[in-house]
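Take a look at the structure below.
The values are calculated or read from the model by the stated rules, or taken from the named source; none is laboratory data. Only a predicted model underlies this, so the values are computations on that prediction, with no experimental measurement involved. All Cβ positions, glycine included, derive from the backbone under ideal geometry; neighbour counts span all protein chains shown.
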Amino acid sequence: MQMPDPNAMIIARKAHLVARLQQVLPEDAVIHSDNEVRAYECDALTAYKCPPLAAVLPANTAEVAAVLRICHEEGVPVVPRGSGTSLSGGALPTADAVILGVAKLSDVLETDYDNRFIRVQTGRTNLSVTGAVEQDGFFYAPDPSSQLACAIAGNIAMNSGGAHCLKYGVTTNNLLGVTMVTMEGEVIEVGGAHLDAAGYDLLGVICGSEGQLGVVTEATLRIIAQPEGARPIMLAFDSNEVAGACVSDIIRAGVLPVAIEFMDRPCIQACERFAKAGYPECEALLIVEVEGSDAEIDEQLSKITAIAATHNPVEMRESKSEAESKAIWAGRKAAFGAMGQINDYMCLDGTIPVSELPLVLRRMREMSAQFGLDVANVFHAGDGNMHPLILFDANKPGDLEICEAFGAEILKLCVEVGGCLTGEHGVGIEKRDLMHVQFNRVDLEMQLRVKDVFDPGWLLNPAKVFPLDVTEGRRIIRQTAA
Amino acid sequence: MTDLTGTVLTPETEDELAKVVRSAHDNRTALQIRGGGTRDFGNEVRTDAVLQTGGLSGITLYDPGALTLVARAGTPLADIEAALAAEGQMLPFEPMDHRGILGTTGTPTIGGAVAVNASGPRRLKAGACRDSLIGVRFVTGEGEIIKNGGRVMKNVTGYDLVKLLAGSYGTLGVLTEVSFKVLPRPQATATLVWQGLSDVDAVAILAAAMRSPYDVSGAAHDPADGGRTYVRIEGLDQSVSYRAQALARDLASHGAAEIIADAAQITAIWAGLRDAEPLRAEQGDIWRVSVKPSDGPAVVAAAGAEAAFYDWQGGLVWLRMPQGAALRERIDGIAGHATLIRGTGQRVFQPMPMPIARLSQGLRARFDPRDILNSGKMI
Ligand SMILES: Cc1cc2nc3c(=O)[nH]c(=O)nc-3n(C[C@H](O)[C@H](O)[C@H](O)COP(=O)(O)OP(=O)(O)OC[C@H]3O[C@@H](n4cnc5c(N)ncnc54)[C@H](O)[C@@H]3O)c2cc1C
């Protein structure tokens, strides 16, 4: 993955820039020694690393604005950062960029149960948003697997999803308003506690803009009353095709589970070896979770059981208790960790129409043979968001490149069958150069014009999302102006 | 270059539509974009020619097993609802029919519903039109054909222009195709009704219902005739009766609720609320105010309306005001915004604070540089 050459003129002015930042932030909030900036050299896409020029950790919106004003005046690129768990390189810096971390902005500003919202600073972690309201019977619905670590800031920037978004939607469907600082240092309020903001849906385009339109410092989030209970059923099948058909049938039957998770054989085996979840010997496994009172859960599960039975399952295991539910989820939750024990892996994130599942899984197996790398699948089947894990050996020269080429082929396949390159992890640098597969030049140009409006100088996270050749003209203007 | 002035343009394909807009762009011909013409509110549009989307009609893809439907923008909304109903599914956002309060005739199109982000009572639970919309194709003011989003419900590839187009009233582009995430139609439904509550008590009971675990899908209050407060529950058979009873029991301290289980009666109640029927009258301005739900009663108290009712737990206030009344001045200080749906003499859309207005103008200048698409409508 190529990154633009850093601007040597900016690097040469580092001392001057650091001095200016130190005027508006406490001393420990400006990180600039070669040693310390290394902590910000990458996110969870660890194959790519580059220490930033400096990193700043402002503690409130005013400090964020002060930092951005300086960087704007100095013509220095800024890469916003939440917790650095991005899997697509969204928070990867360049050597001429300042990392703006929002980790210190972690307060709850307001909770309002009558109007069902919480207002937080965006450095707060996803799980601790639910943590702030769960004792009162509420939760924040989008639940990325990284929820213990990832910040609301990153969730908004990536429009993150989770296992439960089939029923509750993704971040954008649960976001009511933001406080955002533009690259010029202007603080703007978009949306709020009311349901629909006036005018154009700026909130809709800010969410998912990968830190390229502004730095989001506060957010008003929808919170939802907890259901009375939830229970999963595990369904095992002897082919991916049949499991895929079962997913479609469940959805068509009018039951709307909160989650339908799918694991294929390589993934099941890894989970078995490392989490000892007690999963049966089979080709494909579904975990379907439903919510409600005990009676409601029974009603839904009996419908699902009846549908699954028509597909000759190898096994159906309905949870009857908290302990059984935990056991069913144990393997799925350990999946990524289990794969990591076996191998280095790259986690893809394409989405496909659910009906194309059997075809895509079959093609993926063929490609796996062709590229000589194994692939395991664990994903949100209800919404078609796949997470193929390609296994490779980081120490073997050339393996990463083969893995990336294989990944690119899988993502192209996702687009070809009517899906998209990324369902929840974002484009970042990882899928940047594949954007041509999904969009033509005009489609992309329209998106660039949106960035022109918010960040005319192209200083915010400029080397992400769009192919470098497409953004070159805009980025070069910035560089020569600097 | 053809001069389009005074014509009614009825392209039948996306390419034809793009060509028409390109030529309007070249000639600086101001186009009024019309779907079915049933939601014609908004500030007056500078019109040299009318561009009708009705020729772009038809469902292009419906995959019930994936809960997705794609249709051309001029497709009648009723056709889409019928196709979905045949498979036991529905549009989640319950779009209102504006014909009643606006006195318009014609056939509502899906593109029109998207252009105004039309969202009914279920918006509280299932989100607005923009939340169900997963893909668009549109033609910019320069005649470029753009696609964004797609036909899958999880998609974060590039910027989300889908949401930006929803509720842009045809001022950022002419929609040619729209894709939706749809939902299973509920098997059963029940509605709880309380009578005689004050507005403040009613909105409190609606908030309590929304705080319950019973998955409420509608929460409204109509103060007419002493006051009726409605809470809707939808889902599987047994589940609905269980939740309705549990909710009535839990909220008994606020007053006894009658539980309506008759499907036809329930449909009539919610369709009436959705279409703002409680305000129906020949005279008077009709306003739609969006606020934090608990602020709803304060809006009504300050407005001095002839008639009013609440949807969305109190967060959507519908008002009928004396002609020309300066509502925004009366409710100034309550966070939110007001839209004039019927009437004249006031700006239709809430004026925006400077930075937001600047960004919005910037977007419009990029999507429609010559100001030819529904020019003036959203000012
Ligand atoms: C083990 C693991 C499991 C995961 N599971 C999921 C999952 O189930 N679903 C899912 O959707 N994702 C998942 N992810 C990906 C990742 O956790 C999400 O993308 C998350 O939202 C990133 O949050 P963050 O705070 O770590 O953001 P970062 O990695 O710090 O940044 C992500 C992006 O947000 C931008 N950004 C950060 N802060 C701001 C701000 N204040 N204003 C504007 N832009 C900002 C950055 O510039 C960057 O582009 C997983 C990651 C890991 C490592």
Exercise. Can you find a residue in segment B:271-287 that is outside any strand (DSSP E or B), in contact with a Phe, Trp or Tyr (Cβ under 8 Å, 6 or more places away or on another chain) and over 18 Å from B:GLY120 (Cβ atoms)?
Worked result: no
For this session: Taking the options A:SER160, A:SER146, name whichever one is of a type in the set (Ser, Thr, Tyr), assigned by TED's automatic domain parsing to the domain that holds A:VAL216, modelled with pLDDT of 95 or more and near the ligand (Cβ under 8 Å from one of its atoms).
Result: A:SER160
For this session: Determine if segment A:93-104 includes at least one residue that is part of a loop (DSSP other than H, G, I, E, B) and within 9 Å of the ligand (Cβ to nearest atom).
Result: yes
Exercise. From the list B:GLY158, B:GLY143, which one is buried (at least 24 other Cβ atoms within 10 Å of the Cβ) and not charged (D, E, K, R)?
Worked result: B:GLY158
Seminar exercise, completed: Of A:ILE206, A:ILE188, the only residue that is within 7 Å of another protein chain (Cβ to nearest Cβ) and within 13 Å of the ligand (Cβ to nearest atom) is A:ILE188
Exercise. Take the residues of segment B:24-56 that are more than 24 Å from the chain's Cα centre (by Cα) and without any contact (Cβ under 8 Å) to a residue 60 or more places away in the chain: which is surrounded by the fewest Cβ atoms within 10 Å (Cβ to Cβ)?
Worked result: B:ASP26
Seminar exercise, completed: In segment A:381-399, anything in contact (Cβ under 8 Å) with a residue 40 or more places away in the chain, in a loop (DSSP other than H, G, I, E, B) and within 14 Å of chain B (Cβ to nearest Cβ) is listed as A:ALA381, A:GLY382, A:ASP383, A:HIS387
Exercise. Just wondering, is there one or more residues in segment A:13-33 that are farther than 30 Å from A:CYS403 by Cα, among the acidic types (Asp, Glu) and surrounded by fewer than 22 Cβ atoms within 10 Å (Cβ to Cβ)?
Worked result: yes
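Using the structure shown, decide if A:LEU361 is buried (at least 21 other Cβ atoms within 10 Å of the Cβ), in a loop (DSSP other than H, G, I, E, B) and not acidic (Asp, Glu).
Criteria not met by A:LEU361.
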Problem set entry | Among the residues listed as A:ALA243, A:ALA270, A:ALA277, the single one being in contact (Cβ under 8 Å) with a residue 40 or more places away in the chain, over 30 Å from A:ALA193 (Cβ atoms) and within 16 Å of the ligand (Cβ to nearest atom) | A:ALA270
For this session: Kindly indicate the residue of segment B:168-204 that is part of a strand (DSSP E or B) and more than 23 Å from B:LEU77 (Cβ to Cβ) and also nearest to the other protein chains (Cβ to nearest Cβ) among those meeting that condition.
Result: B:ALA188
For this session: Give me the pairs, please: first residue somewhere in segment A:209-227 and farther than 23 Å from B:VAL162 by Cβ, second residue anywhere and of a type in the set (S, T, N, Q) and away from the ligand (no atom under 16 Å from the Cβ), beta-carbon distance under 7 Å, and either six or more positions apart or on two chains.
Result: A:ALA225/B:SER212
Problem set entry | For A:VAL170: the one exception among (1) out of contact with any Cys (no Cβ under 8 Å at 6 or more places or on another chain); (2) closer than 30 Å to A:ILE250 by Cα; (3) more than 10 Å from chain B (Cβ to nearest Cβ); (4) within 9 Å of the ligand (Cβ to nearest atom) | (3)
Exercise. Of all residues in segment B:23-43, how many are hydrophobic (A, V, I, L, M, F, W, C) and either in a loop (DSSP other than H, G, I, E, B) or in contact with a His (Cβ under 7 Å, 6 or more places away or on another chain) (or both)?
Worked result: 2
Exercise. So which of B:GLY37, B:GLY65, B:GLY42 is at positive phi and within 14 Å of chain A (Cβ to nearest Cβ)?
Worked result: B:GLY42
Problem set entry | All positions within segment A:233-245 that are within 29 Å of A:GLY426 (Cα to Cα) and more than 10 Å from chain B (Cβ to nearest Cβ) | A:ASN240, A:GLU241, A:ALA243
Exercise. Within the bounds of segment A:306-329, is there any residue that is over 29 Å from A:CYS403 (Cα atoms), out of contact with any helix residue (DSSP H, G or I) (no Cβ under 7 Å at 6 or more places or on another chain) and within 14 Å of another protein chain (Cβ to nearest Cβ)?
Worked result: yes
Exercise. Do the conditions hold for A:ALA295, that is, is it part of a loop (DSSP other than H, G, I, E, B) and modelled with pLDDT under 95?
Worked result: no
Problem set entry | Any chance B:SER290 is modelled with pLDDT of 95 or more and within 14 Å of chain A (Cβ to nearest Cβ) | yes
For this session: Could you tell me whether segment B:344-352 includes any residue that is at pLDDT 95 or above and small (Gly, Ala, Ser)?
Result: no
Seminar exercise, completed: Checked segment A:77-92 for anything part of a loop (DSSP other than H, G, I, E, B) and either more than 10 Å from the ligand (Cβ to nearest atom) or among the basic types (Lys, Arg) (or both); matches are A:PRO77
For this session: Return the only residue of B:LEU133, B:LEU77 being away from chain A (no Cβ under 14 Å) and closer than 28 Å to B:GLN187 by Cβ.
Result: B:LEU77
Exercise. Would you call A:GLU73 without any contact (Cβ under 8 Å) to a residue 60 or more places away in the chain, among the charged types (D, E, K, R), away from the ligand (no atom under 12 Å from the Cβ) and more than 28 Å from A:VAL247 (Cβ to Cβ)?
Worked result: yes
For this session: Kindly establish whether A:ARG81 is among the charged types (D, E, K, R) and surrounded by fewer than 24 Cβ atoms within 10 Å (Cβ to Cβ).
Result: no
